[in-house]
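Visitor: Quick one: this structure, given as structure tokens, is what I'll be asking you about.
The values are calculated or read from the model by the stated rules, or taken from the named source; none is laboratory data. This one's a predicted model, so the numbers in the text were calculated from it and none came from an experiment. As a convention, Cβ positions derive from the backbone with ideal geometry for all residues, glycine included, and neighbour counts pool all protein chains shown.
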Amino acid sequence: MKLSERIDGLFDSGKAPNLHGIVILQDGEQIYERYGQGEDYKLGEALGDVRFDADTLHDVRSVSKSVVALLYGMALAQGKVPGPGEPLVPNFPKYPDIVADPSKARLTVGHALTMTLGLDWDESVPYTSAANSEIAMEEAPDRYRYILERPFTDEPGATWHYCGGATTLLGSLIATGTGEPLEDYARTALFEPLGITASEWSTGADGVALAPAGLRLRPRDLATIGQLVLDGGRDVVPGSWIEEMLTPRIKIDEGFEYGYQWYVGPTWVSGMGNGGQRLFLMPGRRLVAAVAAGDYENFTQPSTAAVMDELVRE
């Protein structure tokens with residue numbers, strides 16, 4: 001049975017009830033596109049029952065992190081952000097007390113890129129609770145101070161620990177270095193060169209783009225970004241950065257590692273987001289899949305898990 005028939009079966013059988021949309025490319029050509037219907041949210045804002053189509057924007061949630069990694073690499077090539085090996089905290093001179101803290105001098109930009117800051121951070125509880133560190137960060141008077149003041153629980157660089165605060169710091173480096181809000185730099189430097197004309201980036205209460213999870217794109221356009229990565233960046237992102245970004249840096253679990261804001265497996269790389277959002281690449285098969293789903297706050301993400309099972313089958 002063809003891949004397209006198997007994915008159709010998931011939609012038609014109800015085995016993946018919260019699929020909102022899927023676009024699959026192979027060898028740069030679209031081989032599958034289908035949309036569903038269901039309850040959706042724009043971060044915490046209820047959008048009601050939505051009938052999705054090719055023009056519907058959808059939260060990509062933490063796939064935003066993987067897009068931020070692309071933007072960082074572009075800004076790095078332009079000399080506008082510090083390199084991965086450079087100290088992190090001096091780039092936040094607004095907080096002289098933290099800059100002067102010798103323990104925080106150990107932190108590098110690379111630790112943020114790989115989520116190995118070693119800081120006390122917990123996103124294992126629902127994103128509806130202030131016990132979740134990312135929510136607590138957004139409710140704090142100053143999100144950057146909140147992150148940088150966190151105490152250490154591990155030596156920097158030693159352990160991967162999921163941390164939206166790390167991406168928040170990267171977003172600040174990009175915005176400060178380029179002199180543009182993150183969403184504006186994304187639009188002019190990345191989206192427009194790819195022909196992506198529709199995007200949104202949700203903001204915090206201060207109007208600043210939520211770097212870890214705020215991006216909204218059409219699945220078609222998310223797939224276009226995946227194809228760019230699969231193609232080695234073409235003339236948009238330096239190929240050397242694509243290679244660096246996707247190099248495994250820290251082990252998460254057996255056969256499951258992390259690069260620079262991208263997950264890396266034996267035969268695949270991926271951006272992953274709450275609810276089952278995916279940008280999934282299989283370089284050996286020249287395959288790209290963009291998945292939008294509505295399994296929010298369900299960490300097993302059953303609808304997208306069913307899709308992944310079909311994608312990895314030969």
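Visitor: Just to verify a result, which residue in the stretch 217-259, among those that are in contact with a Lys or Arg (Cβ under 7 Å, 6 or more places away or on another chain) and part of a strand (DSSP E or B), is farthest from I174 (Cα to Cα)?
Guide: That would be E257.
Visitor: Moving on to the next point. Quick one: which helices (runs of 4 or more DSSP H) sit completely within the stretch 120-187 and have at least 1 residues that are over 13 Å from A211 (Cβ atoms) and among the basic types (K, R)? Give the derivation first.
Guide: Numbers: elements: 133-139, 143-148, 164-178, 182-185.
Qualifying helices (runs of 4 or more DSSP H): 143-148.
Visitor: Quick check on my filter: what residues within the stretch 34-55 are in contact with a Lys or Arg (Cβ under 7 Å, 6 or more places away or on another chain), within 21 Å of S4 (Cβ to Cβ) and of a type outside the set (G, A, S)?
Guide: Once the filter is applied, which keeps residues that are in contact with a Lys or Arg (Cβ under 7 Å, 6 or more places away or on another chain), within 21 Å of S4 (Cβ to Cβ) and of a type outside the set (G, A, S), the stretch 34-55 yields only Q37.
Visitor: OK, next. Does any residue in the stretch 271-298 that is within 13 Å of P219 (Cα to Cα) come within less than 6 Å, Cβ to Cβ, of a residue that is surrounded by 24 or more Cβ atoms within 10 Å (Cβ to Cβ) and aromatic (F, W, Y) six or more places away or on a different chain, and which pairs are these?
Guide: A289/F280
Visitor: Scan the stretch 1-48 residue by residue and report those that are closer than 21 Å to S62 by Cα, charged (D, E, K, R) and modelled with pLDDT under 95.
Guide: Hit for the stretch 1-48 is E45, nothing else.
Visitor: Can you pull out every residue in the stretch 121-179 that is among the β-branched types (V, I, T) and within 21 Å of Y296 (Cβ to Cβ)?
Guide: Of the stretch 121-179, the ones among the β-branched types (V, I, T) are 125, 128, 135, 147, 153, 159, 167-168, 174, 176, 178.
Within the stretch 121-179, V125, T128, I135, T167, T168 qualify.
Visitor: Further question on the same structure: If you check E123, E39, E29, E86, which single one turns out to be farther than 21 Å from S199 by Cβ and under 17 Å from the mean Cα position of the chain (by Cα)?
Guide: Numbers: E39 fails: under 17 Å from the mean Cα position of the chain (by Cα); E29 fails: under 17 Å from the mean Cα position of the chain (by Cα); E86 fails: under 17 Å from the mean Cα position of the chain (by Cα).
E123 is the lone residue from the list that is farther than 21 Å from S199 by Cβ and under 17 Å from the mean Cα position of the chain (by Cα).
Visitor: Same structure, new question: Looking only at residues that are among the polar types (S, T, N, Q) and buried (at least 17 other Cβ atoms within 10 Å of the Cβ) in the stretch 163-222, which one is nearest to the chain's Cα centre (by Cα)?
Guide: Start the filter on the stretch 163-222 by keeping residues that are among the polar types (S, T, N, Q), which leaves 167-168, 172, 176, 178, 188, 197, 199, 202-203.
From the residues that got through so far, the ones that are buried (at least 17 other Cβ atoms within 10 Å of the Cβ) too are 167-168, 172, 178, 199, 202.
Working: T167: 9, T168: 11, S172: 15, T178: 20, S199: 15, S202: 14 Å.
Top of the filtered list is T167.
Visitor: Now for a separate question. Taking the options A100, A75, name whichever one is over 26 Å from G276 (Cβ atoms) and either crowded, with 16+ Cβ neighbours inside 10 Å or in contact (Cβ under 8 Å) with a residue 40 or more places away in the chain (or both). Walk me through it before giving the result.
Guide: On the way: A100 fails: either crowded, with 16+ Cβ neighbours inside 10 Å or in contact (Cβ under 8 Å) with a residue 40 or more places away in the chain (or both).
Of A100, A75, the one residue that is over 26 Å from G276 (Cβ atoms) and either crowded, with 16+ Cβ neighbours inside 10 Å or in contact (Cβ under 8 Å) with a residue 40 or more places away in the chain (or both) is A75.
Visitor: Residues of the stretch 5-30 being under 19 Å from L279 (Cβ atoms) and loosely packed, with under 15 Cβ neighbours inside 10 Å, which ones? Steps first, please.
Guide: So the first thing to find is which residues in the stretch 5-30 are under 19 Å from L279 (Cβ atoms), and the list is 7, 10, 16, 18-30.
Residues satisfying the conditions are D27, G28, E29, Q30.
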